[in-house]
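Colleague: Below you'll find the structure I mean.
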């Protein structure tokens, strides 16, 4: 289930994301550092620089998970020979990508 109590996946899968957990923990540390910077009234540009670094780190994790999704879930849907499943995976990808813009 997703962070907000919902999930877009249509069925359980074996894909794990254990390999990005250390990066997520590092990002959580960056966010805590941002909080300390703001509480400490650090220089605005330093805070913005840290926000950009955190955003960049999150984007890298997002791209890694997206690549894994395409290499496994989407590829499997197309390999299954089930046009509905393949179409659903493409729609799912487009829906997620549109949210960024």
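Colleague: Could you please find all residues in the stretch 32-65 being touching a residue at least 12 places away in the same chain (Cβ under 8 Å) and farther than 20 Å from residue 100 by Cβ?
Modeller: Scanning the stretch 32-65 gives 33, 34, 37, 47, 50.
Colleague: Considering each of 26, 84, 41, 36 in turn, give the residue that is modelled with pLDDT of 90 or more, exposed (fewer than 15 other Cβ atoms within 10 Å of the Cβ) and not in a helix (DSSP H, G or I).
Modeller: Exactly one of 26, 84, 41, 36 is modelled with pLDDT of 90 or more, exposed (fewer than 15 other Cβ atoms within 10 Å of the Cβ) and not in a helix (DSSP H, G or I), namely 41.
Colleague: Can you list residue pairs whose Cβ atoms sit under 7 Å apart, with the first residue in the stretch 66-85 being free of Cβ contacts under 8 Å to residues at least 24 places away in the same chain and the second being in a helix (DSSP H, G or I) and surrounded by 12 or more Cβ atoms within 10 Å (Cβ to Cβ)? Count only pairs 6 or more apart in sequence or on different chains.
Modeller: Close Cβ pairs satisfying both conditions: 74/89; 74/93; 77/85; 77/86; 77/89; 78/86.
Colleague: Sticking with this structure for a sec: Of all residues in the stretch 45-64, which are surrounded by 14 or more Cβ atoms within 10 Å (Cβ to Cβ) and within 18 Å of residue 17 (Cα to Cα)?
Modeller: Within the stretch 45-64, 57, 58, 61, 64 qualify.
The values are calculated or read from the model by the stated rules, or taken from the named source; none is laboratory data. As the structure is a computational prediction, the values presented were derived from the model and not from experiment. All Cβ positions, glycine included, derive from the backbone under ideal geometry; neighbour counts span all protein chains shown.
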